[in-house]
Amino acid sequence: MRPGGYPKGVQARAWVEVDLAALWANYRLLAGRAGGEVIPVLKADAYGHGALPLARFLEGKGVGRFAVATLEEGRRLREGGIKGEVLLLGSLHPLEAEEALRLGLVPTLSNLEAAEALAKQNPNDLRALRLLAEIYTETQWAIRAWEAWMNYREKGGTWDEAARQAAAKVARTLAFYANQRGDRAEAERWAAQAQAVEAGQ
């Protein structure tokens, strides 16, 4: 593969030639040693080797996931016809959430603001709703965490053991806060909620 952009008849001073057979052989070797899926990282234009042509070649071989650094890099793959899952390794800015969802990219969320923006842009996306609930839980924003878990559940989210334990943890935290305020009735209510959630109710 040789990058274009030079006028007709003008020889490039330097170029890169990629042996696609060697690339595929290396991919299969790594996948075999890893014992599982290998995700090609194509950031910085595949380190100068041409992200789009490499992605097209690998997708044609059955590779279903790719990783890039930025929204712009993900956009280029989508505009170039790449259908597989595209992971964004760089942190997603809240203002990029709408486009990331529109393009079907899988973002990396490293802060609460980005998670809130993602959930706001697509309020029925169960992955975004669960992630937001998990972040609220870890940051100990208890009342928002409880509301987020209940919203996730009501919209049909998988109410598995991890979800139940996280929601119960939040309810116990709210019970503790109520006890600290001297509100025994409220504390008992939250304690009962914790027990009910753990029981799958």
Per residue, the convex hull volume that the Cα atoms of the range 25-132 enclose (Å³): 109
Taking a threshold of 28 Å on the Cα-Cα distance, which of the pairs K120/K169; K43/K169; K83/K169 fall above it? K43/K169; K83/K169
Here the gain from full extension of A162 to N122, 0.36 nm per residue of separation minus their alpha-carbon distance, amounts to 12.1 nm
In percent, what relative contact order does the range 1-109 have, based on Cα pairs under 8 Å that are 6 or more apart in sequence? 18
Quick one: among L89, L23, L174, which has the greatest mean-square fluctuation in a GNM of the chain with alpha-carbon springs under 10 angstrom? L23
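Fully extended, how many nm does the chain gain between V18 and V41 (0.36 nm per residue separation, minus their Cα-Cα distance)? Intermediate values should be presented prior to the final figure.
Values: separation 23, 0.36 × 23 = 8.28 nm, distance 1.58 nm.
Fully extending the segment from V18 to V41 adds 6.7 nm.
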Let me check I've understood the local charge: for E154, count other residues with C-beta under 15 angstrom from its C-beta, Lys and Arg +1, Asp and Glu -1. What total comes out? +2
Cβ-based exposure ranking for L29, L52, in which fewest neighbours within 10 Å come first: L29, L52
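Pairs of Cα atoms under 8 Å, at least six residues apart: use those to get the relative contact order of the range 98-187, whole percent.
Details: 78 pairs, mean separation 17.5, N = 90.
Relative contact order, the range 98-187: 19 percent.
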Over the chain, what is the relative contact order in whole percent, taking alpha-carbon pairs under 8 Å and six or more residues apart? 10
On alpha carbon coordinates alone, what is the Rg over Rh value for the chain, Rh being the Kirkwood radius? 1.16
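Taking the Cβ of A145 as the center, what net charge do the other residues with Cβ under 9 Å away carry, scoring Lys and Arg +1 and Asp and Glu -1? Can you show the working numbers first?
Working: positive: R144, K169; negative: E134, E138, E147.
So the environment of A145 carries a net charge of -1.
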Could you pull the Cα extents of the range 31-79 along its three principal axes, largest to smallest, in whole Å? 31, 19, 17
Fewest-first ordering of F66, F176 by Cβ atoms within 10 Å yields F176, F66
Helix 161-181: inclination vs the chain longest Cα principal axis, degrees, rounded to 10, gives 50
When only alpha-carbon atoms count, how far does the range 76-136 stretch along each of its three principal axes, as whole angstroms with the largest first? 36, 22, 17
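Readers should treat all values here as calculations from the given coordinates under stated rules, not as data from a laboratory. It should be emphasised that the depicted structure is a prediction, and the values quoted were computed from it without experimental measurement. Here Cβ is always computed from backbone atoms with ideal geometry, including for glycine, and neighbour counts include all displayed protein chains.
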